[in-house]
There are 4 protein chains.
Amino acid sequence: MTNIGVVGYGYWGPNVVRNLAENKSCKITSICELNQEKWESIRKRYPWVNITNDYQDLINSPQIEAIVITTPVSTHYSLAKQALENKKHIFVEKPLTDSVESAQELVELAKCNACILFVDHTFEYSPAVIKIKEIIDSGQIGKIHCISSFRINLGPHRKDVSVISDLAPHDLSMFFYWLNEEPTQISAVGKGFFHEQIFDIAFITMKFPCGAIANINISWFSPIKSRRMTIIGSEKMIVYDDMASIEKVKVYDSGVATFREPESFGQFQLSYRAGDIFSPRLQRYEPLAQAVNHFLECVRFGKSPRTDGADALRVVRAVELAEESLRRNCSV
Amino acid sequence: MTNIGVVGYGYWGPNVVRNLAENKSCKITSICELNQEKWESIRKRYPWVNITNDYQDLINSPQIEAIVITTPVSTHYSLAKQALENKKHIFVEKPLTDSVESAQELVELAKCNACILFVDHTFEYSPAVIKIKEIIDSGQIGKIHCISSFRINLGPHRKDVSVISDLAPHDLSMFFYWLNEEPTQISAVGKGFFHEQIFDIAFITMKFPCGAIANINISWFSPIKSRRMTIIGSEKMIVYDDMASIEKVKVYDSGVATFREPESFGQFQLSYRAGDIFSPRLQRYEPLAQAVNHFLECVRFGKSPRTDGADALRVVRAVELAEESLRRNCSV
Amino acid sequence: MTNIGVVGYGYWGPNVVRNLAENKSCKITSICELNQEKWESIRKRYPWVNITNDYQDLINSPQIEAIVITTPVSTHYSLAKQALENKKHIFVEKPLTDSVESAQELVELAKCNACILFVDHTFEYSPAVIKIKEIIDSGQIGKIHCISSFRINLGPHRKDVSVISDLAPHDLSMFFYWLNEEPTQISAVGKGFFHEQIFDIAFITMKFPCGAIANINISWFSPIKSRRMTIIGSEKMIVYDDMASIEKVKVYDSGVATFREPESFGQFQLSYRAGDIFSPRLQRYEPLAQAVNHFLECVRFGKSPRTDGADALRVVRAVELAEESLRRNCSV
Amino acid sequence: MTNIGVVGYGYWGPNVVRNLAENKSCKITSICELNQEKWESIRKRYPWVNITNDYQDLINSPQIEAIVITTPVSTHYSLAKQALENKKHIFVEKPLTDSVESAQELVELAKCNACILFVDHTFEYSPAVIKIKEIIDSGQIGKIHCISSFRINLGPHRKDVSVISDLAPHDLSMFFYWLNEEPTQISAVGKGFFHEQIFDIAFITMKFPCGAIANINISWFSPIKSRRMTIIGSEKMIVYDDMASIEKVKVYDSGVATFREPESFGQFQLSYRAGDIFSPRLQRYEPLAQAVNHFLECVRFGKSPRTDGADALRVVRAVELAEESLRRNCSV
C-alpha cells in the first residue's frame, strides 16, 4: 500500500485523485491545494484525506512515498525538484516542464536519487493507441508515409500557456510512441487571437528520420470538436477517431500499389486499391486508471515506467522547437 | 447563339461539354481530341459535332467565336495563346497556366485583343461558396481570424502535376474570393511518395493582410474523403462541408466574447459562448452550369467575367509560391 | 433540509444518490440495499449514510420525510405502498408499477395521505425535450402528423422485464408530454429471442385523438446505438438525436405545402419545400439533477410535480396495452 | 444484338434507357412516350431511336424482340399482357402489377408464350445486397432473428399510389431474397396526410416461417433521408447503410452469447460480446446496368431471370396484404 500525496486539485487533479482512490494498492494521505474553495469538495468525497496549503507538509512527510503533481506547467519544475530531493517518486502531469533544460535537470535528479519519474502522457495508456502501436509493429501497414492529427474544439482558452504547450503534447507523445523516433525538423505557424504571444491555433509540421512527414492542427477556436488521426502507410491506412463511440480505430486495406513497369525504364506505375475496412475490438478501460496503476507498479517493483523521463523529454523538446518556430514565423 | 470549339475531352472535358450541350445560347461546333479512342463516345452523344485532332481547325474556323480549353495544365499556355491571337474568347480549365509569367502574358494578350479570358474556378459559382461570401460580407461573423481547408481523398494520383497544382487552386480561389485579398506569406511542407518532385500530400499555411491565417491540407492518399472548410470569425464560425448532402453550410453562433476588464488595466477577459446553429437553405444547381452560362453571357454582352484573368493570376501566383516553399523545405 | 431514505442501490440508484448528495436542500439519511457487496462502495463515497437491509428502518424512521425507490419494477408497488401508508413522500423510478390497477391504487393513496408521488420520467426534465415542447406549443411546426422513435442498442438484456416495460416508458412519457394526450389505439409486434415471453425487440404503433400516428422501435439487440425521434408537422419537422453531442435538436423548415387548385374541383396540390435548418442552443444540465431538484421543491412547498401520478398512470396504461397486443400478436 | 422497344420515358425510364444505350448487346429501336414534351430530350440524346405515342407500333414491330415497360404501375398489366400476347420478352418496372390476380395472369401468360418475364427489382443486383446474401448463406451470422428497414426521405409524394406500393417493394424483394421465404403474417399502420387512402407513411411488420420478425418503416415525409437495414443474427449483426459512400455494409462480430447453465435446470444465461467490425470491399457497378445486362442475357440464352415472375409475385402478394391491413387498421 503506497502512501500518496497530491499537489493541485484544479482541472485534471480530481480525475487523478478519483483513479487513485479506486486503486487498491495505494492510499491518498494528503492533498495540497491553495484554493481553499475546493477544500469542501475534497472533504466531502475523500473525508479521510488531510488537506493542506503547504507543500512542505507533503515533501516532509516520512509516510508519503510518492507525490502526484497536477498543477499548472510553470510550477512543475520547482515542485518536482523539491519532491525528488526528498526522495519521493513523482507522477507529473504532461508536459514535464516548460523547458528542455529544466526537464533534463529533473531526469538527472530522479536518476541520482533512484526515484521513479513518471509523466502522465495518458494517451500512451489508451486501448486505441496501444492497438495502433501493435498494428504498426506487426508491419501490416507497411512503411509510414504520413501522420496527421486534428485536435480542435471550442475552448477553454488558457491564459498562461499556448495551445501548443497545452494540446500538442498529446499528439507528440503518440507520434513518438508509434514511430519510436524524434523528428529532425519541426516548424509551426499559428495565431494568438487575444494575446500576441499566446497562440490559440497552430499548424505544426514535422519530418522524421524514417521519411514520414507529420502534421498537427490544434485549436481552441473550432466550432466543431475533432480528435482525429490518420496514418498513411505504404500498404494500409489507419484512422483513429477518438470522438467515435464505437469504431475508434479503423484499418483501411486500401492504398496505392506501385510496380516497376519494365518497358518504361524504372518509371513507377501506380494503381489505387479499394479494400476491406476493419475495426478491431478495443479493450474498455479508462486510460488514466491504467496509467495510475502502471505508476504504482513501477513504485512497488522499482520498474522503469513506459512514460519515463526520456519519453517526456522528447515531447518537451518538440514543444520548445515548435514554439521557437512559431515566434520566428510571427515576427516575419 | 455562340459557336464553341472545345479542346480536350479527357477528365473534365466531358462535364464541360455536357453543360455546353444543355445551354441553349451556344452550339458546340467542333471538339479537338488527340486520343481517337474517345471519338466514338463523343460521336454517340453529340452526333452533330465535328471531331478533329488538329487544333488549327478550331482556331482557324471563322465560325467559332470561343474556345474551351480542358487539357492538361502544361498545355494551357500554348493553346490559349494561339486562341487569343486568333481573337477567340477563351474558357480555360484551372489553373490558368503553370507559371506566373505565362499567365500574365495571356492576361495581357486577352486585353489587347479584346477577348474574354475566363478561368474555370468552378467553386466560385457554387451556391454554398456564394452563400458564405454573402454571410462574410454581411459582417455577421465579424473579423476573420482563420480559415482551414481539408481536401483529402484517395487518388487519382497525377503523373504530371503535384497535388498543389491540382487541388489547391480550389481552396485558393475560394479564400481569395471570400477575403478579397492575396496572402503576404505562403509556406508549404509536403511529400511525394513515388516521385520526389511530385508531391502527393501537402500542408500549406498563409497569412493575409487582414490578419487572418489560413491552412490547406491536401492529399491524394487519404482513406477517408473530406472536403471541409472552417472559417473562424470574431463573432461567429462557419463550417462548409462539401460532402454533406444537406447541411453543407452551417453558421455557429458560438464563439469567444472578449471584454476589457476595468480593474485589470487593459487585460482582456474571455468567455466562451455556445449558441444556436443555423444551416441556410442553398439554391440547387450545378456550379459548372452556372460557370458556363456566365462565360456565355460575358461573351455575348462583352462583360468582364467574375473569374477573369486577375482572379486566375492570384491563384497561379500562390501555387507558384507554395511550390517554391515546398521545394525549399524539402531540400533542407 | 429534507431527510431522504433510498431503497435500491443497483443500476440507477447510484445516479440518483449522486444527484441527491450534490443537492444542498436534502440529506441522505439511510440507504436500504439487500446486496451487501454494494455496501462498501456506498460507505466509501457516502460515509455519513446509514446502510441497512431492512426497509422497515426507512419507513419507520420519524426523521425521514421522503423515500426514493430505485428497485426493480416488480417491487415498486409494495415498497411505495408502505412508504405512502407511513406518510412518506415518494420518488419512484419509472415505470410507476407493472399494472394499471396497482398504479391507480398508489395514486389514490398518495392523494389521501397528502403525499407527493413523483415518478422519475427523467426525459421530461431534459433541456432538449423541454425545448421541443416549447417549439410545438409555439405552433410553428403546425399540426403534428407523425412521431417516430428509435431506441435501440446492444443490451443489457433484463431477465425480469420486457424491452417494452424497460425502454418504452421513456418514449411514451415524451410523446404524451408533447402531445398532451393519450393514444386511442396501441398495437405491438415483437420477439423474445431467449424467453418467449420476455420481448427483446418490439415495434409499437399508436394513434392519437389529434390525428397523429406514432411508432416506437425498441431493441436490446442492435449493433448500433440510436436514440432518435422525428416529429413531422404540417409546417416544419423536428429531429431529436439524443446521441448527438451538439446538435441534439434540429428544426427543419422544409415540408410539404398544400394548396387547393381552383380548376381541379377541390383536389389538393402538393409541393415540397426545402428550407433552412435551425439547431437551437440548449441549456446544459443533467436532467436527473433537475428532476431531483423539482421533487425536493415539491416536497418543501407542497407543489404537485410535473411528473405526478397522472403522468405516470398514462405511461403504465400504454405499456399494459402494448404488452397485451404483443402477446395477442404472438399467439397468432 | 437484341432490338428493344421502351414504353414510358418518365421518372425511371431515362435511367433504364441510358443503361440500355450503353449495353453493347442490344439496340433501342423505338420509345413510346405519350408526353410529347419529352420527345425533344429523347431525340437529342438518342437521335437514332424512333419515337411514337402509339404502343401498337412497338408490339406490332416484327423487329422488336423485347419490351421495357417503365410506366406507372396501374398500366403495367395491360401493357405487359399485350406484349406477351405478341410474344415479346418483357422487362417490367417494379412492382409487377397492383394486384396478385393480374400478376399471376401475366406469369401464366409468359410461361405459355415462352417469353422472359423480368421484373426490375434492381436492389437484387446491387453489390451490397448480393454481398449480404453471401454472408447470410455462409452461416456466419447464425440464425436470423430480426430484420429492420428504414426507407425514409422527403418526397416525392405520388398521387396515384401509396408509399407502400412505391417504396416497400424494394425492402420486400431484399427480405425475400435474403431469407428465401415469404412471411406468414403481415400487418401495417400508416397515414395519408392529404388523401385518406393514399398513405404517405407506413410501418409494416412481418413474421417469417424461420422465426424472424421484420419491420419496414417507410415515409415520404422525413426531413432526413435514411436507407438503412439491420439484420440481427444469433452470431453476428449486419448493418447496410445505402447512403454511406464507403462503408455500406458492416458486419458486427458482437452479439449475445447464450449458454445453458447446468445448475439452473435449463435456464439460459446471456452475455454480451463486443467484437470486431468488418466492412467488406464491394464491387463498384451500377445495379441497373447489371439488371439490364442480366435481362439481355436471359433473352439471348433463354435463361430464367433471377428476378422472374415468381420473385415478383411474392412482392405483389406482400404489398397487397400490407395495404389490406392498412385499410383495416385505419377504419378502426
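Couple of notes before you dig in:
- Across peptide D:141-154, the mean count of Cβ atoms from other chains lying within 10 Å of each residue's own Cβ comes to 3.
- Karplus-derived 3J(HN,Hα) values for the stretch D:133-141, using 6.51 cos²θ - 1.76 cosθ + 1.60 with θ = phi - 60°, are 4, 4, 5, 4, 5, 5, x, 5, 8 Hz; glycine and proline are entered as x.
- Tensor-based shape of the stretch C:18-77 (alpha-carbon gyration tensor, a/c under 1.5 rounded, otherwise prolate or oblate): rounded
- Karplus-based coupling profile of the stretch C:234-247, in residue order and whole Hz: 5, 10, 9, 10, 10, 10, 10, 10, 6, 8, 5, 7, 10, 8, with θ = phi - 60° in 6.51 cos²θ - 1.76 cosθ + 1.60 and x standing for Gly or Pro.
- Cα extents of the stretch A:43-90 along the three principal axes, largest first (Å): 31, 25, 16
- Among C:119, C:251, C:319, residue whose mean-square fluctuation peaks in a GNM of chain C (springs only between Cα atoms under 10 Å): C:251
- Cα gyration tensor shape for the stretch D:47-151, rounded if a/c is under 1.5, else prolate or oblate: prolate
- Nearest residue to the symmetry axis between D and A, taken on chain D by its Cβ, in whole Å: D:278, 3
- Reachable aspartates and glutamates, given that their alpha-carbon falls under 17 Å from the alpha-carbon of residue C:38 and they are not under 8 places away in the same chain: A:22, C:54
- Remark: mean inter-chain Cβ contacts per residue of C:280-291 equal 1, using a 10 Å Cβ-Cβ cutoff to other protein chain atoms.
- Taking amide hydrogens as placed 1.01 Å from N in the peptide plane, the amide H of residue C:155 sits under 5 Å from those of C:221, C:222, each at least 5 positions away in sequence or on another chain.
- Accessible-area order (highest first, 1.4 angstrom probe) of the listed residues C:228, C:45: C:45, C:228
- Shown for residue D:36: label points 7 Å from Cα along the beta-carbon vector, and their distances to the equivalent points in the other copies, 4.4, 9.6, 9.7 nm in ascending order.
- Computed over the alpha-carbon pairs of the stretch D:126-203, the distance histogram in 5 Å steps reads 3, 12, 21, 21, 15, 13, 8, 5, 2, 0 percent, short to long.
- Cα centroids of the stretch A:129-199 and the stretch B:85-136: 39 Å apart.
- The charge dipole of the protein assembly as shown, taken about its Cα centre with unit charges on the Cβ of Lys, Arg, Asp and Glu (plus for the first two, minus for the last two), comes to roughly 0 debye.
- Rounded accessible area of residue B:89 (nearest 10 Å², 1.4 Å probe): 30 Å²
- Counting only Cβ charges, +1 for Lys and Arg and -1 for Asp and Glu, the dipole size of chain A around its Cα centre is about 660 debye.
- Relative contact order (percent, whole number), chain A, Cα cutoff 8 Å, 6+ residue spacing: 18 percent
- Projected area, mean over directions - chain C, Cα convex hull, nm²: 20.0 nm²
- 5 angstrom amide H check on residue B:92, placed H, neighbours 5+ away: B:69, B:118, B:119, B:120
- Dipole magnitude for the stretch A:1-75: computed about the Cα centre from +1 point charges on Lys and Arg Cβ and -1 point charges on Asp and Glu Cβ, it is near 300 debye.
- Build a GNM of chain B with springs between Cα atoms under 10 Å apart, and of B:27, B:38, B:94 the one that fluctuates most is B:38.
- Taking every DSSP beta bridge that has both ends in chain C, the antiparallel portion is near 60%.
- Choice from C:138, C:99, C:245 showing the highest fluctuation, given a GNM over chain C with Cα pairs closer than 10 Å: C:245
- Taking the stretch A:114-179 and dividing mean pair separation by its residue count, relative contact order in percent (alpha carbons under 8 Å, at least six apart): 53 percent
- Spatial extent of the protein assembly as shown: Rg and Dmax, with the Cα atoms as the point set, Å: 34.9, 106
- Alpha-carbon geometry of the stretch D:82-216: the Rg and the Dmax are 16.9, 47 Å, given in that order.
- Whole-Hz ³J(HN,Hα) from phi, Karplus 6.51 cos²θ - 1.76 cosθ + 1.60, for the stretch D:172-184, glycine and proline x: 4, 5, 5, 4, 5, 5, 5, 7, 6, 7, 9, x, 8
- For the residue pairs A:225/B:207; C:131/C:248; C:87/C:303; A:27/A:81, the C-alpha atoms sit more than 19 angstrom apart in A:225/B:207; A:27/A:81.
- Counting Cβ atoms of other protein chains within 10 Å of each residue's Cβ and taking the mean over peptide C:187-196 gives 5.
- For residue B:22, inter-copy separations between label points set 7 Å beyond Cα along the Cβ vector come to 1.6, 5.5, 5.7 nm, shortest first.
- A point 7 Å from Cα along Cα→Cβ stands in for residue A:302, and the other copies hold the same point at 7.3, 9.0, 9.5 nm, listed in rising order.
The values are calculated or read from the model by the stated rules, or taken from the named source; none is laboratory data. From a predicted model like this one, the values you see are computed outputs, not experimental measurements. All Cβ positions, even for glycine, are placed from backbone atoms using ideal geometry, and neighbour counts span all protein chains on display. We work out accessible area using only protein heavy atoms, side chains counted, and drop any ligands, DNA or RNA first. Shrake-Rupley method; radii C 1.70, N 1.55, O 1.52, S 1.80 Å.
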